[in-house]
Amino acid sequence: MTKAAAPDAFLRPYPTDLPTPYVEIDQERLMRNLRGMQERANAAGVALRPHIKTHKSLMIAHRQLELGAIGVTASKPEEALVFVEGGVRSVTLAYPIVRPEAIGRLVRSAKIHGTELLLIATHDAGVDAIGATAEAHGVKLGVFLKVDVGLGRVGIKPQDPAAVLLARRIEQHPSLAFAGLLSHAGHSYGSRNLEELSDMARAEALALGELAERLRRSGLDVPRLSVGATPTCLGAPIPQGVTEIRPGNYAFLDRTALRLGISSPDDTALSVVATVVAHNDRHFIMDAGSKTLTSDLGAHGSGGSGFGIAVSVGELQPQIWEVERLSEEHGFVRFLGDPPALGSRVRIFPNHACAVVAQFDSVSLRQSDGRTRALRIDARGRQT
């Protein structure tokens, strides 16, 4: 997809004269992406609970809620806390908890703000930790059983007999409520084509559905089947039986989405503006390195070559290159012919938008009228 795209497909308005490197978000493309996913969810009859790890922004989260999202998903307790205190009324913390103190502040804040708080568990230790915190704060917390559908990261295997026992343990705890089944098909970022993506989406829904049926036969109610990954939610039909989707990257999209064939260059809402600061006989050097673009090859490390697509700025005939390697503050871009002039700017479309946003306290939001304003990354640095 990337190699086939013409340079013109990556053109954007001339960047604002800000110190580089900086991140630019195209508001028109962002809103188009947000509306598109909400429309997909509506058409499939499922709830949308977007993952805010992509943007970490209260403003963007509230736009998603205004469009119809039922709440948000967060990665870490302190990240979730920002959105609870920012007025989001329903938050899922999709991260394994093993110590009660990890969620103490979050649970207390959710109680004060009247926020619905949902968590995940994959083992007895997690149920005990969440249950102890809920009991200590006098609240009842919803807990999903996290299911590993192929990524091999966190979750109980859907065929594991212990799944029924663990779900029952959640349901029987006096301070917990069984929220249903939750999965993340992160392995879909390694798919080779859209057919394989569709197979993964169907397999995920089938695995959850079969486990839900086993739980129901054992006498348990399974109120939700929650799935999440932009590739399966955007690049494949949303399967029947799923009740909720939790994509995140769809808000911005990136080179990985282009590689997967689930988006076009025109859909990509995030780019990095950098300045050419040096040349050598092979590369031109720009002032965006691993501390800006990160060394991420794509979500879950499932990327291709290079570290992003660099496009010349302000030329009638734009040029396109691949960012070949990085040091901390510099990016190396191999060129043929004449390199761009020293002091000129390039626009980079990175491999993984979520990782890039996490490097910045604020980004530049280019509004539909052409003006720009600073957009604060509210949950930046909330890693615990």
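Residues that are part of a helix (DSSP H, G or I) and within 21 Å of ILE70 (Cα to Cα) were ranked within region 224-235; the one that is most open to solvent (accessible area, probe 1.4 Å) is LEU234.
Among the criteria (1) under 29 Å from ALA125 (Cα atoms); (2) in a loop (DSSP other than H, G, I, E, B); (3) not polar (S, T, N, Q), the one LEU182 does not fulfil is (2). Checked against (1) touching a residue at least 60 places away in the same chain (Cβ under 8 Å); (2) touching a His at 6+ places or on another chain (Cβ under 6 Å), VAL84 passes all but condition (1).
For ALA379, the conditions (1) touching a residue at least 24 places away in the same chain (Cβ under 8 Å); (2) more than 24 Å from the chain's Cα centre (by Cα) all hold with the exception of (2). Of all the numbered requirements in (1) surrounded by 23 or more Cβ atoms within 10 Å (Cβ to Cβ); (2) not in a strand (DSSP E or B), ALA102 misses one, and that requirement is (1). Candidates LEU165, LEU206, LEU118, LEU151: the one that is modelled with pLDDT of 95 or more, crowded, with 17+ Cβ neighbours inside 10 Å and among the hydrophobic types (A, V, I, L, M, F, W, C) is LEU118.
The residues on offer are ILE238, ILE262, and the sole one that is assigned to a loop (DSSP other than H, G, I, E, B), within 23 Å of ILE348 (Cβ to Cβ) and open to solvent by 10 Å² or more (accessible area, probe 1.4 Å) is ILE262. The set of residues in region 191-222 being within 24 Å of the chain's Cα centre (by Cα) and assigned to a loop (DSSP other than H, G, I, E, B) consists of SER191, ARG192, ASN193.
Only one entry of ARG371, ARG366 meets the criterion of being more than 18 Å from the chain's Cα centre (by Cα), buried (at least 19 other Cβ atoms within 10 Å of the Cβ) and of a type outside the set (Val, Ile, Thr), and that entry is ARG366. Screening ILE245 on (1) open to solvent by less than 10 Å² (accessible area, probe 1.4 Å); (2) modelled with pLDDT under 95 shows it passes everything except condition (2). Scanning region 307-335 for residues that are outside any strand (DSSP E or B) and either free of Cβ contacts under 8 Å to residues at least 40 places away in the same chain or more than 23 Å from the chain's Cα centre (by Cα) (or both) returns VAL313, GLY314, GLU315, LEU316, GLN317, PRO318, GLN319, SER327, GLU328, GLU329, HIS330, PHE335. Entry remark, region 60-76: residues being within 29 Å of ASP124 (Cβ to Cβ), open to solvent by 10 Å² or more (accessible area, probe 1.4 Å) and not in a loop (DSSP other than H, G, I, E, B) number 0 in total.
Just so you know, in region 10-30 the residues that are within 15 Å of LEU375 (Cα to Cα) and open to solvent by less than 40 Å² (accessible area, probe 1.4 Å) include one that is farthest from the chain's Cα centre (by Cα), and it is THR16. Residue count for region 88-99 satisfying the condition of being open to solvent by 50 Å² or more (accessible area, probe 1.4 Å) and of a type in the set (Ser, Thr, Tyr): 1. Is at least one residue of region 282-296 open to solvent by 10 Å² or more (accessible area, probe 1.4 Å), of a type outside the set (Lys, Arg), under 16 Å from the mean Cα position of the chain (by Cα) and closer than 30 Å to ALA47 by Cβ? Scanning region 282-296, I find at least one residue that is open to solvent by 10 Å² or more (accessible area, probe 1.4 Å), of a type outside the set (Lys, Arg), under 16 Å from the mean Cα position of the chain (by Cα) and closer than 30 Å to ALA47 by Cβ, so the answer is yes.
For region 265-281, filtered to residues that are open to solvent by less than 10 Å² (accessible area, probe 1.4 Å) and more than 16 Å from ARG29 (Cβ to Cβ), the residue that is farthest from the chain's Cα centre (by Cα) is VAL276.
Residue count for region 363-384 satisfying the condition of being assigned to a strand (DSSP E or B), out of contact with any Asp or Glu (no Cβ under 8 Å at 6 or more places or on another chain) and farther than 15 Å from PHE252 by Cα: 2.
Taking the listed residues ASP199, ASP221, the one that is open to solvent by 70 Å² or more (accessible area, probe 1.4 Å) and either out of contact with any Ser or Thr (no Cβ under 9 Å at 6 or more places or on another chain) or polar (S, T, N, Q) (or both) is ASP221, with no other qualifying. If the condition is being free of Cβ contacts under 8 Å to residues at least 40 places away in the same chain and either buried (at least 21 other Cβ atoms within 10 Å of the Cβ) or under 26 Å from the mean Cα position of the chain (by Cα) (or both), then region 130-144 contributes THR133, LEU141, GLY142, VAL143.
In region 300-343, the residue that is surrounded by the fewest Cβ atoms within 10 Å (Cβ to Cβ) out of those that are out of contact with any Gly (no Cβ under 7 Å at 6 or more places or on another chain) and of a type in the set (S, T, N, Q) is GLN317.
The values are calculated or read from the model by the stated rules, or taken from the named source; none is laboratory data. The model shown is predicted, which means the values in this text are computed figures rather than measured ones. No Cβ is skipped: glycine too gets one built from the backbone with ideal geometry, and neighbour counts run over all protein chains shown. Accessible surface areas use protein heavy atoms only, side chains included; no ligands, DNA or RNA. Shrake-Rupley method; radii C 1.70, N 1.55, O 1.52, S 1.80 Å.
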